Amino acid sequence: MQDLVKFVQDEFVTKKDFPEFSAGDTITVYYEIKEGNKTRTQFFRGVVIQRRGSSSTETFTIRKMSGTIGVERIFPVNLPALQKIEVNKRGKVRRARIFYFRELTGKKARIKERRR
C-alpha cells in the first residue's frame with residue numbers, strides 16, 4: 001500500500017526546478033498571493049532553518065527578523081503558488097536543523113559563508 005501511494009505521488013505530482021539549498025543558506029522565495037480576483041507576487045527572504053520530508057511531501061522552514069520579532073514560515077516544495085527561489089548566500093553550519101538559531105540575537109546570529 002505504501003509503495004502504491006509513493007508511486008502515485010512520484011508520477012502525478014509535478015516537480016519544480018529549484019536550486020539546491022540547505023540549512024544555513026539565505027534564500028528569497030517568490031510566491032503568488034490571490035486577493036479577490038487579483039494576484040500579486042510577494043517575496044520572503046530569510047535563513048533556512050530546516051528541510052524535512054521527501055519528494056512530494058518535502059517542506060522547508062525560513063526564518064527572518066522583522067524588526068525585533070522573528071518570523072518563521074513553512075513552505076511546501078511543490079506549492080503551486082511558489083514561483084521561484086533564489087539562493088542569496090550559502091551558509092556554513094554543522095547541523096541539518098538549526099533550531100538554536102532562534103535564541104541568537106545580534107552578532108551571534110550571523111552565519112559564516114561557505115567557500116566553494
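Determine whether the stretch 6-20 contains at least one residue that is assigned to a strand (DSSP E or B) and either open to solvent by 60 Å² or more (accessible area, probe 1.4 Å) or of a type outside the set (S, T, N, Q) (or both). There is no residue in the stretch 6-20 that is assigned to a strand (DSSP E or B) and either open to solvent by 60 Å² or more (accessible area, probe 1.4 Å) or of a type outside the set (S, T, N, Q) (or both).
Looking across the stretch 88-116, the residues that are open to solvent by 90 Å² or more (accessible area, probe 1.4 Å), closer than 29 Å to THR41 by Cα and in contact with a Lys or Arg (Cβ under 9 Å, 6 or more places away or on another chain) come down to LYS89, ARG97, ARG102, GLU113.
TYR100 meets the conditions (1) hydroxyl-bearing (Ser, Thr, Tyr); (2) without any contact (Cβ under 8 Å) to a residue 40 or more places away in the chain; (3) assigned to a strand (DSSP E or B) in every case but one. The failed one is (3). Within the stretch 36-71, being exposed (fewer than 12 other Cβ atoms within 10 Å of the Cβ), assigned to a strand (DSSP E or B) and either within 11 Å of the chain's Cα centre (by Cα) or without any contact (Cβ under 8 Å) to a residue 12 or more places away in the chain (or both) holds for LYS38, THR39, ARG40, SER66, ILE69. With respect to the conditions (1) open to solvent by less than 100 Å² (accessible area, probe 1.4 Å); (2) hydrophobic (A, V, I, L, M, F, W, C); (3) within 28 Å of ASP3 (Cα to Cα), ILE85 falls short on a single one, namely (3).
For ILE74, the criteria (1) open to solvent by 70 Å² or more (accessible area, probe 1.4 Å); (2) outside any strand (DSSP E or B); (3) among the β-branched types (Val, Ile, Thr) hold in every case but one, which is (2).
The values are calculated or read from the model by the stated rules, or taken from the named source; none is laboratory data. Just so we're clear, the structure is a prediction, and the values are computed from it rather than from any experiment. Because the Cβ atoms are built from the backbone with ideal geometry, glycine has one as well, and the counts that use them run over all protein chains shown. Each accessible area value is taken on the protein alone, full model and side chains, heavy atoms only, with ligands, DNA and RNA left out. Shrake-Rupley method; radii C 1.70, N 1.55, O 1.52, S 1.80 Å.
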